[in-house]
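Report on one structure; see the data block that follows.
The values are calculated or read from the model by the stated rules, or taken from the named source; none is laboratory data. What you see is a predicted model, and the numbers here were worked out from it, not measured in a lab. Every residue, glycine as well, gets a Cβ built from its backbone with ideal geometry; the counts of neighbours run over all protein chains shown. To get the accessible areas, we keep the full protein, side chains included, count just its heavy atoms, and leave off ligands, DNA and RNA. Shrake-Rupley method; radii C 1.70, N 1.55, O 1.52, S 1.80 Å.
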Amino acid sequence: MSLTLKIAVTHLLSRRRQTLMSLLGVMLGVAFFMAVSSLMRGSEQDFISRLIDSEPHITISDEFRNPPEQPAAREYPGAAVAISNVKPKTDVRGIRGYKQKMDWIARLPGVRVAPVLSGQIILTYAGKDEGVLMNGVVPEMMTGVSDIEDKIVAGSLEELSANPNGIIIGRALAKKLNLKMGDNLTVSSPVGLIRTMKIVGLFETGVSAVDEGQAYVLLKRAQTLLNRPDRANLLVIQLDDPYAARAVAARIEKRIGYRSKSWQEASENLMSVLLVRNIIMYSVVSAILVVASFGIYNIISTVVMEKRRDIAILKSMGFTARDIRRVFLWEGTIIGALGSLSGVSVGLLLMAVLNSLSFEPPGFTGAINLPIYWGLDQVLMACAFATASAMGAAYFPARKAGMVHPVDILRGQA
Amino acid sequence: MTEVLRAERVTRVLPGEVPVTLVRDASLSVSRGEFVSIMGPSGSGKSSLLYLLGLLDMPTSGRIWLDGEEVSALDDRRIARIRLEKLGFVFQFHFLLAEFSVLDNVMLPMAKLGRLNEAERRERAARLLDDLGLGDHIRKRPDQLSGGQRQRVAIARALANDPLIILADEPTGNLDSVASANVRDILSALVHEGNKTVLAVTHDPDFARAGDRQIHIIDGRVETDEVNGG
């Protein structure tokens, strides 16, 4: 053991109570840091996974990020071209050649894709009209890219394949229109077609806008109803690695031209909220450690004041200012390191307690546990921050101790 | 005889609104194996002179040589090293580290110097303490000892690194007459049997008479410098 370390340990041991109190400060700081951080990070992960699960990872829609360039502007590059009365060509809306595009996308590694044709229709039953968004899907492809199948509470998605006139609606909508499984209802499309369809399934997502406002039919049926043969207006994609969505989306968009929106892009505002939340959380928990470091500053300043005689004698003996500084820096480091270690154990305990708490939020079926993030990074961050602030707190008294002049003390004594 | 310490026209002025001259133009030379007492009234600057000669303080002007090396121009680190290797201090208020045992206190300068290993340090410290009649007290804390015993621990500590010169600032100033005589005899024996050099500031005429030479300081000046019995 180095000499300065030995002196530091002796100092700390001779003031057990104060040492213990400052250790306690660091310990609680680290423990709270870990508990709050794990809770916030856990809930963030929980939130993101819900976000990822409930939406396709990438949605390709039949629109372009930028309007198409006019031929006149292309003809005269750099010139100021003004074109008035441009009237877009009437076209069948949708993704052109979606099958070929899907083939290309499906060959990308870790990517599953399914076509959707969605459009507004009106459901009529017993004189009541309800406008809903109809999604035309291919059931066997949809299972790979969406969790809609898990949300179906009666019937199944496959029933659509068996019965081309089948429709799956939300349970809330069914209740509203007083419909049940097997009932027939009338569907009117914007192009004027009217069909009678049979309810083959009911779903419930828990989001009322979806449960009351969406319906699933067979893709082919949707193409007929909307008069868009062989078209899809959405390609929904699920990835093995959801966090690759941004890169994959950019790659797809570059290749096929249609707007490809990753889940990150779709929820950019939420992600920035999470970032702000993290910044707030870390400033608050860091504040606890900063407060703890004031305690350390206090005890080491007191020790330096009390040990001025010792410092004088050590210096007269031949200890340098650096040796003296090191003694008190050691004291801060020891408190920081031991406080961190005990803080980690208490922090893990707190996290386990938080994790075991379960409660039933309103509108949810079944109890849920608090989401806790168990990552090592936050532990390291708490320890590093605690030790650094303890050393920082020790630095100023240590520097002062190093500057003590033995003659000043000797004169004061004599 | 070899000269171990020399001061030439050393002056120390304490800066401030009204500068105070502590030591004025002091010149002296100390040879190896001498026991020199520095005497003078309170506030005469004798302790300040000792601090300058012990490299605890730096002169405002003038030069100091220790063991043939000019030390008044060295940096703090180098001076700390010289104090560690060549000088030993004994103060009036025995300045021992309260949390350390008597043995640890004596071992501290050796540990800092790092020439001996742990076992050798322990052995040497125990021997030094034993020589000074403290063999039974090495495990005790300083506050369990009497004033005279503590002062002997301080002497043992001053001797830890086998210094060239021992500088003592009123070593008997706080002791009763028996303990004073004891400390005086120890220092005298160090000089006459151990071939050490002792430079001691004192008020005590008996102490001064035990030495070889007396230097009188008045108002920061070396007033007289005479060999005892001469």
Inset, instruction - Among residues belonging to the range A:287-312 that are more than 13 Å from chain B (Cβ to nearest Cβ) and open to solvent by less than 20 Å² (accessible area, probe 1.4 Å), point out the one that is farthest from the chain's Cα centre (by Cα). - result: A:Val304
Inset, instruction - Would you point out the residue of the range B:26-41, among those that are farther than 26 Å from B:Phe93 by Cβ and open to solvent by 30 Å² or more (accessible area, probe 1.4 Å), that is farthest from the other protein chains (Cβ to nearest Cβ)? - result: B:Ser29
Inset, instruction - Sort out which residues of the range A:122-144 are under 19 Å from A:Glu159 (Cβ atoms) and of a type in the set (A, V, I, L, M), and write them in order of number. - result: A:Leu123, A:Val132, A:Met134, A:Val137, A:Val138, A:Met141, A:Met142
Inset, instruction - Inspect all residues belonging to the range A:354-366 and state whether any of them is at pLDDT 85 or above, crowded, with 20+ Cβ neighbours inside 10 Å and not polar (S, T, N, Q). - result: no
Inset, instruction - Considering only residues that are in a helix (DSSP H, G or I) and touching a Lys or Arg at 6+ places or on another chain (Cβ under 8 Å), look in the range A:373-414 and name the one that is most open to solvent (accessible area, probe 1.4 Å). - result: A:Arg399
Inset, instruction - Please go through the range B:186-205 and pick out each residue that is part of a loop (DSSP other than H, G, I, E, B) and either open to solvent by 50 Å² or more (accessible area, probe 1.4 Å) or within 14 Å of chain A (Cβ to nearest Cβ) (or both). - result: B:Glu193, B:Asn195, B:Thr202, B:His203
Inset, instruction - Would you tally the residues in the range B:90-106 being under 20 Å from B:Arg122 (Cα atoms) and either at pLDDT below 90 or assigned to a loop (DSSP other than H, G, I, E, B) (or both)? - result: 6
Legend entry - Which numbered condition A:Phe64 misses (of (1) assigned by TED's automatic domain parsing to the domain that holds A:Ile368; (2) of a type in the set (Phe, Trp, Tyr); (3) part of a loop (DSSP other than H, G, I, E, B)): (1)
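Would you confirm whether any residue within the range A:12-24 is open to solvent by less than 50 Å² (accessible area, probe 1.4 Å), within 14 Å of chain B (Cβ to nearest Cβ) and part of a helix (DSSP H, G or I)?
Within the range A:12-24, one or more residues are open to solvent by less than 50 Å² (accessible area, probe 1.4 Å), within 14 Å of chain B (Cβ to nearest Cβ) and part of a helix (DSSP H, G or I).
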Legend entry - Residue satisfying all of: in the range A:313-334; β-branched (Val, Ile, Thr) and assigned to a helix (DSSP H, G or I); surrounded by the most Cβ atoms within 10 Å (Cβ to Cβ) among these: A:Val327
Inset, instruction - Starting from the range A:277-303, keep only residues that are closer than 16 Å to A:Lys400 by Cα, then list their pairs with residues that are among the acidic types (Asp, Glu) whose Cβ atoms are within a distance under 9 Å, requiring at least 6 positions of separation or different chains. - result: A:Ile296/A:Glu331; A:Ile299/A:Glu331; A:Ile300/A:Glu331; A:Val303/A:Glu331
Legend entry - Residue in the range B:42-58 that is within 8 Å of chain A (Cβ to nearest Cβ) and open to solvent by 40 Å² or more (accessible area, probe 1.4 Å) present: no
Inset, instruction - Give the residue, chosen from B:Leu190, B:Leu167, that is closer than 21 Å to B:Leu66 by Cα and without any contact (Cβ under 8 Å) to a residue 60 or more places away in the chain. - result: B:Leu190
Legend entry - Unmet requirement for A:Tyr282, which otherwise passes all of (1) assigned to a helix (DSSP H, G or I); (2) more than 24 Å from the chain's Cα centre (by Cα); (3) among the hydroxyl-bearing types (Ser, Thr, Tyr): (2)
Inset, instruction - Tell me which of these A:Gly97 doesn't satisfy, since it passes every other one: (1) within 26 Å of A:Leu226 (Cα to Cα); (2) in contact with a helix residue (DSSP H, G or I) (Cβ under 6 Å, 6 or more places away or on another chain); (3) not hydrophobic (A, V, I, L, M, F, W, C). - result: (2)
Inset, instruction - Evaluate the following for B:Arg121: is it within 12 Å of chain A (Cβ to nearest Cβ), touching a Pro at 6+ places or on another chain (Cβ under 7 Å), in a helix (DSSP H, G or I) and crowded, with 16+ Cβ neighbours inside 10 Å? - result: no
Legend entry - Residue in the range A:183-206 that is open to solvent by 70 Å² or more (accessible area, probe 1.4 Å) and part of a helix (DSSP H, G or I) present: no
Inset, instruction - Of the numbered conditions (1) more than 13 Å from chain A (Cβ to nearest Cβ); (2) within 23 Å of B:Glu170 (Cβ to Cβ); (3) in a helix (DSSP H, G or I), B:Ala158 fails exactly one; give the number of that condition. - result: (1)
Legend entry - Flag for B:Ser27 being over 16 Å from the mean Cα position of the chain (by Cα) and not in a strand (DSSP E or B): no
Legend entry - Per-region count, the range A:273-305, residues modelled with pLDDT of 85 or more and within 30 Å of B:Ile82 (Cα to Cα): 3
Legend entry - Matching residues in the range B:151-185 - criterion: being of a type outside the set (A, V, I, L, M), farther than 21 Å from B:Val4 by Cβ and crowded, with 24+ Cβ neighbours inside 10 Å: B:Gln151, B:Arg152, B:Thr172
Inset, instruction - Name the residue, out of B:Val4, B:Val23, B:Val10, that is away from chain A (no Cβ under 11 Å), in contact with a Pro (Cβ under 7 Å, 6 or more places away or on another chain), open to solvent by less than 10 Å² (accessible area, probe 1.4 Å) and β-branched (Val, Ile, Thr). - result: B:Val10
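Name every residue in the range B:61-108 that is among the β-branched types (Val, Ile, Thr) and either more than 26 Å from B:His203 (Cβ to Cβ) or facing chain A (nearest Cβ under 8 Å) (or both), in order of residue number.
In the first step, residues of the range B:61-108 are kept if they are among the β-branched types (Val, Ile, Thr); the result is B:64, B:71, B:79, B:82, B:90, B:102, B:106.
The answer is B:Val71, B:Ile79, B:Ile82, B:Val102, B:Val106.
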Legend entry - Check on B:Pro15, open to solvent by 30 Å² or more (accessible area, probe 1.4 Å) and within 14 Å of another protein chain (Cβ to nearest Cβ): yes
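Rundown of residues vs (1) among the polar types (S, T, N, Q); (2) in contact with a helix residue (DSSP H, G or I) (Cβ under 9 Å, 6 or more places away or on another chain); (3) assigned by TED's automatic domain parsing to the domain that holds A:Ile105, yes/no style:
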residue	(1), (2), (3)
A:Lys176	no, yes, yes
A:Met181	no, yes, yes
A:Gln214	yes, yes, yes
A:Arg221	no, yes, yes
A:Leu226	no, no, yes
A:Pro229	no, yes, yes
A:Ala232	no, yes, yes
A:Leu235	no, yes, yes
A:Tyr258	no, yes, yes
Legend entry - Residues satisfying the stated conditions in the range A:140-167, i.e. open to solvent by less than 10 Å² (accessible area, probe 1.4 Å) and either part of a strand (DSSP E or B) or at pLDDT 90 or above (or both): A:Gly166, A:Ile167
